[in-house]
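Single-structure report; data block below.
Computed from the coordinates by the stated procedures, all read-outs in this text should not be read as laboratory data. Computed from a predicted structure; not experimentally measured. Backbone-built Cβ (ideal geometry, glycine too); neighbour counts: all protein chains shown.
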Amino acid sequence: MNILTAMRERLDRLAVFAELDVEPSSLPSGAAALSDASVLEVLREVTGIANDAERLQSVVAGVAAQRSKRENGHSGLAATQGHASPVALVQSITGGTRADALRQVRVGQSLLDGSAPDAGAASGAEPARATDDSPDTTRAPWHAPLQAALWAGRLTTAQHDAIRSGLGEPEAEGVDPASAVLAWSVAAETLIDEAVAGASVEELRSRARQLRDILDPVGAENRFQERYEKRSLRTWIDQHGQHHGHIVFDDEMALWLRSTFAAALRPRRGGP
């Protein structure tokens, strides 16, 4: 079903709730008058609309990013609107945080990977012809299962981004690229199933990193060493005399601290 058609159908189903067909300022009292069953139904329909809108927004953000590439210079879309980057452009329009805008651009670019026309398509330019020496641009990317799951509504953009960024790019020492792509694709399908089963975004991001370390043990050691070298401790006193601290942990120290806190707070949380 077309995405705009699906959104219209969801809106039509919401239209039966007269309590919600009011001025925005009257929405709280209108929603409070809904029955429990109606609250759940409305929440599901609104969530569906929001997910569809977010998919659409991410794709358009990805297109904006493609048209704002560095090589376009001052003629890029973001630059012509007075912004230094597509992320800044998206943030100025949405009014959200930079992190949200960055995620929308990142997901949008991922969704366009391998499927979007080149920059000359909009102006009617003929696309470049493939040659025997050129890479196979028709081959589906490893994250194609993530794209398909997002289009089908099995993943939200937040879940897609958590899996995609957690798995990273397929590369493993001693493994040929084709096998690495296949392994990453299978890992993506596994995480999609976990998302459908109810895994949270945080759990998906953690599981994706775990699978990446399993698929690339040498890279896992390098990433561990990078995190270890980034350890830091900073303390300061603000203008009110309040003491502050900021710590960047390595993996082992973070595990020790979490375990210590969990043991100390266990009685308060109902544990033994």
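Under a point-charge model restricted to the Cβ atoms of Lys and Arg (+1) and Asp and Glu (-1), what is the dipole moment magnitude of the chain relative to its Cα centre, in debye to the nearest 20?
Details: 28 positive and 37 negative charges, 162 e Å.
Taking the Cα centre of the chain as origin, the dipole is about 780 debye.
How big is D, in µm² s⁻¹, for the chain by Stokes-Einstein at 4 °C and 1.567 mPa s if Rh is the Kirkwood radius over C-alpha pairs? Don't skip to the end; give the middle numbers.
Numbers: Rh = 22.7 Å.
So the translational diffusion coefficient is about 57 µm²/s.
What FRET efficiency comes out for the pair TRP236/THR260, r = Cβ-Cβ distance, R0 = 22 Å, nearest 0.05? All intermediate terms of the calculation are to be shown ahead of the outcome.
On the way: r = 24 Å, r/R0 = 1.09.
After rounding, the FRET efficiency stands at 0.35.
What ranking, highest mean first, results for peptides 233-244, 77-88 when packing means the other Cβ atoms within 10 Å averaged over each residue?
77-88, 233-244
Pulled fully out, how much extra length does the chain show between LEU182 and ARG98, if you take 0.36 nm times their separation in residues and subtract their Cα-Cα distance? Display every interim value, and only then the final one.
On the way: separation 84, 0.36 × 84 = 30.24 nm, distance 3.32 nm.
Taking 0.36 nm per residue and subtracting the Cα distance, the gain is 26.9 nm.
Order the peptides 141-148, 25-32 from the highest to the lowest mean number of other Cβ atoms within 10 Å of their residues.
141-148, 25-32
Which of ALA178, ALA33, ALA101 moves the most in a Gaussian network model of the chain with Cα springs under 10 Å?
ALA33
Say R0 is 22 Å: what FRET efficiency, to the nearest 0.05, do SER200 and ASP250 get from their beta-carbon distance?
0.30
Suppose R0 equals 51 Å. What FRET efficiency, 1/(1 + (r/R0)^6) with r the Cβ-Cβ distance, do LEU11 and ARG268 give to the nearest 0.05?
0.65
Distance in nm between label sites at ARG227 and ASP21, each 7 Å beyond Cα in the beta-carbon direction?
5.4 nm
Quick check on segment 1-116: what are the equivalent-ellipsoid semi-axes from the Cα gyration tensor, as sqrt(5λ), descending, whole Å?
36, 16, 11
Once you place label points 7 Å from the Cα toward the Cβ at GLU171 and ARG139, how far apart are they in nm?
1.6 nm
With a point put 7 Å past each Cα toward its Cβ, work out how far SER35 is from ALA88 in nm, to one decimal.
5.4 nm
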